[in-house]
Each structure stands twice: as C-alpha cells, then as structure tokens.
Amino acid sequence: MEFKQWYMEYKIHKNRPGLLGDIASLLGMLEVNILTINGVENRTRGMLIQTNDDEKIEILGRMLQKVDNITVLKLREPKLVDILAVRHGRYIERDSDDRKTFRFTRDELGMLVDFLGEVFKREGNQVIGLRGMPRVGKTESIIAGSVCSNKRWTFVSSTLLRQTVRSQLSEEEMTPNNIYIIDGIVSTIRSNEKHHALLQEIMAMPSTKVIEHPDIFVKESNYEYSDFDYIIELRNTPDEEISYESFTMGFNDF
C-alpha cells in the first residue's frame, strides 16, 4: 500500500510535561511518521502524519480516546485548510453559511498567498473570485500565488498599471497552465465584442481563472456564483465593508 498523509488535531486539557513525547512515542511504535507539527490556535495541536497502513490510523484513534489529557478533534485525510493550519498555526476564517468563501485581512497576505499557491497547483478548470477594495493587495497576491505554484500569469483585463482590455492572446498565453487574471469590472462594464469573445473562450478552458470583483462580474454577465469554486474576501481590517459604489462610477462613463 502507498504512503498516505493524514491530519490529526487534538485539544489539550492538561499540558503536562512529556505529553507530546508520549504521543510521539505512540506514533513511533505504530510506525506512523510525523511530517509537520504545530500549535493550532488556543491549546490545540495539529499534525500531518504519514503511514502506508490505514488500519494503523484506526488503531491510533481508538487508543487516543483513552488518553485523559487530550481530546482528538480531527483525524482525517488532510484538506487544504488543515495543511495551512499546521503551517501558519491558525485556521482560515470561512463564511458559516457559504463554506466556499474564505476571509483574509491585509496582515494575513502571507497566508493568502500560500492558500492561492496551493489552489493554483491543481490542474483543470477552476474559477476563483477575489473581493476587496482598491489597493488592498488583490492583484499582488494573485501574482505571488502564481509564483509559488510555479505557473505563469496572464492579464486578460486589469487596472494595476493602466486600463488593460485584451482582445486576443498569443498562442503561448493560451495554455491551460496559465493563471488568467480578470478584472470583473473592466471586463463587463468596459469590454468590447472582441474582448467578450476572448473572455468566453478563456472561461471555457480547463485552466485557473481569478476574477477580481466577482459580484460585478456576475451582475453584468451571464455567469453565476455557482460557477465559482472559491470566493476570497480581502480587507484592510476585519470590519471593513467592501462597497463597489465608490470605484465603479467612473467606469460607467466609458
């Protein structure tokens, strides 16, 4: 059987000396390897572990149920949020109603870039929406995530340096390995027919598309929220309101 990774998270009730050593010894006797370990928020510890025998994980779970000082909270194949929690020591905030919406603040840009880098490594069709006010770091995070995933990025529309509305891409740019960056406001409110045709072609490609201002994109196009795999919200502060009125009025003049 091939080696497989698992995520184990447990809450500590009494952090006595030698507790971690005892758990590590138990894993060692079962020949379960510890790949990464970190504290995850208050009195909680997370581990990425590896074994080539699924039955050992079942045995481990039953044995740890008998340990009074801890309670196992999660023992499962690792999700992306688990991997990032071990790396950064905390979970990404998610919307309680819409579980595909993830929230970050500007002081968490490193975690956001790491999140995007892991998502960008996946092959096939992905559509990611990125909400946020101007100059909060949306485009810069997408580019940094592309670098982390070792993929090339292509601007289809943008306001980063100047108004960019592409009507065609080179053959080298039209590859599934590219990360396509689309400004939802520019592509819908200020687009022409050639750009619209290019946009439809790109949206149909088996590649990753990141759409800034997804709410305007949905409002002004035939695409729906169900077309998105992830929605990311980036704010300067946790209580900042993302409002489009202040920076969409000028586009209506074109």
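The values are calculated or read from the model by the stated rules, or taken from the named source; none is laboratory data. This one's a predicted model, so the numbers in the text were calculated from it and none came from an experiment. Methodologically, a virtual Cβ is constructed for each residue, glycine included, from the backbone with ideal geometry; neighbour enumeration extends over all protein chains shown. The area values use the complete protein model at the heavy-atom level, side chains included, leaving out ligands, DNA and RNA. Shrake-Rupley method; radii C 1.70, N 1.55, O 1.52, S 1.80 Å.
Here Glu140 meets each of (1) acidic (Asp, Glu); (2) assigned to a loop (DSSP other than H, G, I, E, B); (3) open to solvent by 50 Å² or more (accessible area, probe 1.4 Å) with one exception, condition (2). Filtering segment 1-45 to residues that are among the hydroxyl-bearing types (Ser, Thr, Tyr), more than 23 Å from the chain's Cα centre (by Cα) and within 19 Å of Asp82 (Cα to Cα) leaves only Tyr10.
What about Ser146, is it within 22 Å of Glu241 (Cβ to Cβ), open to solvent by less than 10 Å² (accessible area, probe 1.4 Å) and polar (S, T, N, Q)? First the steps, then the outcome.
On the way: within 22 Å of Glu241 (Cβ to Cβ): no; open to solvent by less than 10 Å² (accessible area, probe 1.4 Å): yes; polar (S, T, N, Q): yes.
It is false that Ser146 is within 22 Å of Glu241 (Cβ to Cβ), open to solvent by less than 10 Å² (accessible area, probe 1.4 Å) and polar (S, T, N, Q).
When Glu108, Glu118 are screened for being touching a residue at least 24 places away in the same chain (Cβ under 8 Å), outside any strand (DSSP E or B), assigned by the TED database to the domain that holds Asn177 and open to solvent by 20 Å² or more (accessible area, probe 1.4 Å), only Glu118 passes.
Taking Val72, is it in the same structural domain as Gln50 (by the TED database), surrounded by fewer than 17 Cβ atoms within 10 Å (Cβ to Cβ) and either under 28 Å from Glu201 (Cα atoms) or touching a Leu at 6+ places or on another chain (Cβ under 7 Å) (or both)?
Yes.
Flag: Val67 matches the condition of being part of a loop (DSSP other than H, G, I, E, B) and open to solvent by 10 Å² or more (accessible area, probe 1.4 Å).
Quick check, is Met1 open to solvent by 60 Å² or more (accessible area, probe 1.4 Å), in a loop (DSSP other than H, G, I, E, B) and more than 21 Å from Tyr91 (Cα to Cα)?
Working: open to solvent by 60 Å² or more (accessible area, probe 1.4 Å): yes; in a loop (DSSP other than H, G, I, E, B): yes; more than 21 Å from Tyr91 (Cα to Cα): yes.
So Met1 passes the test.
Could you please let me know if Ile49 is closer than 21 Å to Ile83 by Cα, part of a helix (DSSP H, G or I) and modelled with pLDDT of 90 or more? Give the derivation first.
Numbers: closer than 21 Å to Ile83 by Cα: yes; part of a helix (DSSP H, G or I): no; modelled with pLDDT of 90 or more: yes.
Answer is no for this residue.
Applying the criterion of being outside any loop (DSSP other than H, G, I, E, B) and either of a type in the set (Phe, Trp, Tyr) or without any contact (Cβ under 8 Å) to a residue 40 or more places away in the chain (or both) to the residues of segment 159-183, the residue that is nearest to Met205 (Cα to Cα) is Tyr180.
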